[in-house]
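For reference, the structure discussed in these notes is given below.
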Amino acid sequence: NPNPNPHPYPNPNPDPNPNPNPNRNPNPILYLLSTSGSTGDPKVVACPAAGTLNRCLWQLEEFPFNDGEVAVARTSLAFVDCIAEVFAPLLAGAALAVLAPPGAAVTGWRSPWRDPEALLGACALLAVSRLVVTPT
């Protein structure tokens, strides 16, 4: 009798009622972001889980990771690019180097957040092979 659970680990808390909850939101909100306000006042945007997963899966299909690659997380978690930087590499099982946020006291380091040379130096030191940048 094959295991109906496709996951490698058994579910420690199986649902005693396998019928779906009709009141459950099938596409819950995963996170909220504030827009920059570049076209007016900043707005809060609700980002659904399915859209986020779709974005990450598209990224992995179009730009697959190779074994041993290292991605870098350098974008504020309040900015939408952090999704591509953080979740896609983790879904792929890739290593993720997280740079210190602006204002962090890191002895001997210039901030890679606003200094391109410092960013390149940090990426070289950490053997980063993936970097998400905006086209501006």
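The values are calculated or read from the model by the stated rules, or taken from the named source; none is laboratory data. Because the structure is a prediction, the values reported are computed rather than measured. Every residue, glycine as well, gets a Cβ built from its backbone with ideal geometry; the counts of neighbours run over all protein chains shown.
If the condition is being loosely packed, with under 15 Cβ neighbours inside 10 Å and either touching a helix residue (DSSP H, G or I) at 6+ places or on another chain (Cβ under 7 Å) or part of a loop (DSSP other than H, G, I, E, B) (or both), then region 39-59 contributes Thr39, Gly40, Asp41, Pro42, Lys43.
Residues in region 44-71 that are out of contact with any strand residue (DSSP E or B) (no Cβ under 7 Å at 6 or more places or on another chain) and of a type outside the set (D, E, K, R): how many?
As a first pass, look at region 44-71 and keep what is out of contact with any strand residue (DSSP E or B) (no Cβ under 7 Å at 6 or more places or on another chain): 50-51, 53-68.
Adding the requirement that they be of a type outside the set (D, E, K, R) leaves 50-51, 53-54, 56-60, 63-66, 68.
Result for region 44-71: 14.
Can you tell me which residues in region 71-113 are under 27 Å from Ala50 (Cβ atoms) and at pLDDT below 65?
In the first step, residues of region 71-113 are kept if they are under 27 Å from Ala50 (Cβ atoms); the result is 71-96, 98.
Passing the criteria: none in range.
For region 14-28, the criterion of being within 30 Å of Ala100 (Cβ to Cβ) and at pLDDT below 90 is satisfied by no residue at all.
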